[in-house]
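Q: Take a look at this one; I'll ask things after.
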Amino acid sequence: LIVALSLVIFSCNTNETKVFTESDIQVIPKPETLKLKEGHFKFTENTVFYVTDDIQLRASQILIDRFKTAQGWDLKTVKTQPKSNFIQFKTSENIGKEAYKLIVENDVITIESKGYNGLLYAIQTLRQLLPTAIESQTKVADINWVIPNLEITDKPRFQWRGLMLDVSRHFFQKEYIKKTIDRLAYHKMNTLHLHLVDDQGWRIEIKKYPKLTEVGAFRVDQEDKPWNGRYTPELDEKATYGGFYTQEDIKEIVAYAESRGVTVVPEIEMPAHVTSAIASYPEFSCLEKPVPVPSGGLWPITDIYCAGKESTFEFLEDVLVEVMALFPSKYIHVGGDEATKTNWKTCAHCKKRMKDEKLKSVEELQSYFIKRMERFISSKGRVLIGWDEILEGGLAPGATVMSWRGVKGGLEASEQGHDVVMTPGSHCYFDHYQGPMDTEPKAWGGYSPVSKVYQFDPIVDTMSDEQAKHVLGGQANLWSEYVTTESHSEYMIYPRIAALSEALWSPKPSRNWVNFSSRLENLFKRYEHQNINYAKSAYTITS
Ligand code: TNX
């Protein structure tokens with residue numbers, strides 16, 4: 001069979017014989033079907049992109065930029081069909097939203113897709129079919145830019161293929177976010193969830209409440225330090241560590257993501273994990289006492305939003321109005337996790353609310369809180385998504401659940417007919433260790449090496465077909481209590497994201513760890529060209 005699949009290609013430059021076999025095709029995530037054929041296409045200085053609309057032009061630009069940097073070529077786009085040596089595009093209605101077909105022949109490459117993402121993914125596949133030097137950031141010596149003739153049909157298994165970046169515990173610059181978006185698209189991932197609010201920092205400018213960023217975006221210590229919970233005004237004066245995105249920054253990030261086929265989902269935490277907001281506006285908490293913005297991964301923290309006062313809801317609705325104007329995403333994440341409800345039990349406003357609304361427990365009060373936000377968000381035509389704690393005390397009617405405490409929340413929500421995104425800590429927490437603890441940088445705990453991430457399946461065996469239909473996909477979460485720098489963040493993300501991308505994209509029967517890990521070496525070369533500080537510890541893991 002291998003002999004049958006092997007195709008002899010005579011390199012024009014060197015006259016050397018190059019034999020292509022299926023094992024030379026190292027694309028990650030693995031395409032749905034691939035057929036090697038006889039012959040090859042060779043990119044030259046005269047290769048042109050035949051484009052008939054703007055999105056074809058935009059997608060082509062990605063490859064044009066690569067050839068410009070890596071080879072110094074200025075590949076052209078043309079509007080009339082050339083005779084040979086070109087890439088052409090076809091729009092097809094009989095293909096999925098993110099699907100594509102890629103046909104490589106001697107003189108022409110044809111890309112068929114329905115929408116922008118399919119087109120973009122075909123370009124990313126072409127990039128991965130080319131020699132690794134296509135990723136070079138400097139001009140390389142002349143290379144034989146040959147791709148074997150082939151036919152690929154490809155589409156994602158899941159529609160939600162995400163990564164969450166926690167930019168609260170540690171702040172990451174806009175440029176890093178944009179870089180990460182490029183890399184998500186490279187892995188055919190389509191969702192970037194930004195955790196913009198947590199105890200340790202409020203990271204988005206809200207015009208109506210300027211103190212959220214003036215006060216809430218800065219703290220004294222960068223590192224994880226014990227905090228005594230007492231307010232010391234001198235600390236505020238010294239607060240230097242922090243940062244936030246202006247609304248202009250957000251617009252830039254969202255537009256950039258859109259051009260890379262990535263949706264940015266904002267998370268505005270509530271009712272807990274909000275010390276940064278309470279430090280800015282203590283009146284929205286039950287105790288109304290000033291608190292500093294704490295450092296590190298402290299939990300539990302008892303200061304949360306007051307669920308009794310109307311002003312809290314007015315504040316949150318005002319915030320969400322500004323957030324929704326910036327993020328076109330269908331989903332708006334409201335957190336909802338780990339709310340320590342100690343203060344709610346003694347707060348007069350909360351007690352009155354419980355009485356008025358006939359709520360029997362503080363869990364029901366949290367459910368009331370989230371249901372109110374869900375009504376507001378759905379009245380604006382958006383969908384509320386929250387961590388699986390939003391199930392407690394009753395799930396809001398239109399809510400989608402992000403299952404993080406294992407898959408239990410996902411099972412329960414899908415059983416109730418709600419959509420879910422699976423992100424169990426066991427496989428999807430990129431703040432966990434990925435190699436031996438004594439040689440890896442300090443991590444949150446847990447052990448999720450690349451091989452384990454690869455085993456992830458958002459569909460749980462015990463799910464009915466009906467439940468499985470509610471599984472939108474999966475996501476990795478990189479909490480940043482211990483992740484202080486961009487290079488450390490990269491270290492935690494790559495190559496685990498490659499394993500996740502294949503788990504979420506490729507047909508389940510084609511999943512094979514040995515085969516995947518044999519393709520990793522090639523990806524690592526590409527990461528090196530892209531200056532990504534990937535975790536080399538993945539090398540040592542073979543099973
Ligand atoms: C739990 S996952 C949290 C985060 C922490 C994380 C550490 C979730 C919804 N909440 O606040 O950063 O654990 O792994």
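None of the figures in this text is laboratory data; all of them are computed from the coordinates on show. These figures come from a predicted structure and were not determined experimentally. Ideal geometry is used to build each Cβ from the backbone, glycine not excepted, and the neighbour counts take in all protein chains shown.
Q: Using 1/(1 + (r/R0)^6) with R0 = 35 angstrom and r between the beta carbons of Glu310 and Gln222, what's the FRET efficiency to the nearest 0.05? Let's see the in-between values first.
A: Numbers: r = 37 Å, r/R0 = 1.05.
After rounding, the FRET efficiency stands at 0.40.
Q: Which order results if Ser295, Ser510 are arranged by neighbouring Cβ count within 10 Å, fewest first? Working shown, then result.
A: Values: Ser295 22, Ser510 14.
Ascending number of Cβ neighbours within 10 Å: Ser510, Ser295.
Q: For Lys174 paired with Lys408, estimate the spin-label separation in nm (one decimal), with each label point 7 Å from Cα along the Cα-to-Cβ line.
A: 4.2
Q: Next up: 7 Å from Cα along Cα→Cβ at both Glu214 and Thr153: what's the point-to-point distance in nm?
A: Output for this residue pair reads 6.1 nm.
Q: Using the Karplus curve 6.51 cos²θ - 1.76 cosθ + 1.60 with θ = phi - 60°, work out ³J(HN,Hα) for each residue of region 66-82 in order, rounded to whole Hz, and write x for Gly and Pro.
A: 4, 5, 5, 6, 7, 10, x, 8, 10, 5, 9, 10, 10, 9, 10, 5, x
Q: Would you mind calculating the relative contact order of the chain from Cα pairs under 8 angstrom and at least 6 residues apart, reporting the percent as a whole number? Show your work: numbers first, answer last.
A: On the way: 1157 pairs, mean separation 72.8, N = 543.
Once divided by the residue count of the chain, the mean separation gives 13 percent.
Q: What does the extension gain come out to for Lys536 and His349, with contour length at 0.36 nm per residue minus their alpha carbon separation?
A: Details: separation 187, 0.36 × 187 = 67.32 nm, distance 5.36 nm.
Residue separation times 0.36 nm, minus the Cα-Cα distance, leaves 62.0 nm.
Q: Okay, moving on. How big is the antiparallel share of DSSP beta bridges in region 2-154, given as a percent to the nearest 5?
A: Working: 21 of 33 bridges.
Looking only at bridges with both residues in region 2-154, the antiparallel portion is about 65 percent.
Q: As I understand it, the dipole of region 2-154 uses +1 on the Cβ of Lys and Arg and -1 on the Cβ of Asp and Glu, about the Cα centre. Which of Thr47, Gln124, Val78 lies farthest toward its positive end?
A: Val78
Q: While we're here: Out of residues 5 or more away from Thr77 or on other chains, whose amide H comes under 5 Å of its own, with H placed 1.01 Å from N in the peptide plane?
A: Amide H neighbours of Thr77, under 5 Å, 5+ apart: Phe49.
Q: Given the Cα-Cα distance of Ser361 and Glu252 and 0.36 nm per residue of separation, how much length would full extension add, in nm? It would help to have the intermediate numbers written out before the result.
A: On the way: separation 109, 0.36 × 109 = 39.24 nm, distance 4.32 nm.
Answer, rounded to one decimal: 34.9 nm.
Q: Could you state the per residue volume, in Å³, of the convex hull enclosing the Cα atoms of region 160-540? All intermediate terms of the calculation are to be shown ahead of the outcome.
A: Values: hull volume 50.6 nm³, N = 381.
Hull volume normalised by residue count: 133 Å³.
Q: What does the convex hull of the Cα atoms come to per residue for region 299-340, in Å³? The partial results should precede the final answer.
A: Working: hull volume 3.7 nm³, N = 42.
Taking the convex hull of the Cα positions in region 299-340, it is 88 Å³ per residue.
Q: Charges at C-beta only: +1 for Lys and Arg, -1 for Asp and Glu. How large is the resulting dipole of region 2-154 about its Cα centre, in Debye rounded to 20? Mind dumping the intermediate values first?
A: Values: 17 positive and 19 negative charges, 45 e Å.
With Lys and Arg at +1 and Asp and Glu at -1, about 220 debye.
Q: Hey, what does the equivalent ellipsoid look like for region 2-154, semi-axes from the Cα gyration tensor as sqrt of 5 times each eigenvalue, largest first, whole Å?
A: Details: eigenvalues 102, 79, 41 Å².
After diagonalising the Cα gyration tensor, the semi-axes are 23, 20, 14 Å.
Q: Still on this model: Lys/Arg Cβ at +1, Asp/Glu Cβ at -1, dipole of the chain taken about the Cα centre: which of Ala325, Phe315, Gly261 is farthest positive-ward?
A: Gly261
Q: Please list 65-74, 28-37 highest first by mean number of surrounding beta-carbon atoms within 10 Å per residue. Intermediate values should be presented prior to the final figure.
A: On the way: 65-74: 16.1, 28-37: 18.4.
My ranking of the peptides, most packed first, is 28-37, 65-74.
Q: Shifting gears a bit: Identify, among Pro271, Asn149, Met492, the residue whose Cα sits farthest towards the positive end of the charge dipole of the chain, taking +1 on the Cβ of Lys and Arg and -1 on the Cβ of Asp and Glu, with the dipole about the Cα centre.
A: Working it through, the farthest residue towards the positive pole turns out to be Asn149.
Q: How long is the gain from Thr439 to Thr80 if the chain were fully straight, where each residue apart is worth 0.36 nm and the alpha carbon distance is subtracted? Can you show the working numbers first?
A: On the way: separation 359, 0.36 × 359 = 129.24 nm, distance 5.73 nm.
Result: 123.5 nm gained on full extension.
Q: With respect to the cross-link table entries Lys289/Lys352; Lys97/Lys330; Lys309/Lys371; Lys469/Lys508; Lys211/Lys289; Lys30/Lys330, which display a Cα-Cα separation exceeding 18 Å?
A: Numbers: Lys289/Lys352 20 Å; Lys97/Lys330 16 Å; Lys309/Lys371 16 Å; Lys469/Lys508 16 Å; Lys211/Lys289 16 Å; Lys30/Lys330 28 Å.
Violating the 18 Å limit, Cα to Cα: Lys289/Lys352; Lys30/Lys330.
Q: So how strong a dipole does the chain carry about its Cα centre when Lys and Arg Cβ are +1 and Asp and Glu Cβ are -1, to the nearest 20 debye? Don't skip to the end; give the middle numbers.
A: On the way: 64 positive and 72 negative charges, 154 e Å.
With Lys and Arg at +1 and Asp and Glu at -1, about 740 debye.
Q: Out of the DSSP beta bridges found with both residues in the chain, what percent are antiparallel (nearest 5)?
A: Numbers: 26 of 71 bridges.
Of the beta bridges lying entirely in the chain, close to 35 percent run antiparallel.
Q: If you average the C-alpha positions of region 321-348 and of region 399-446 separately, how far apart do those two centres end up, in angstrom?
A: Cα centroid to Cα centroid, the span is 20 Å.
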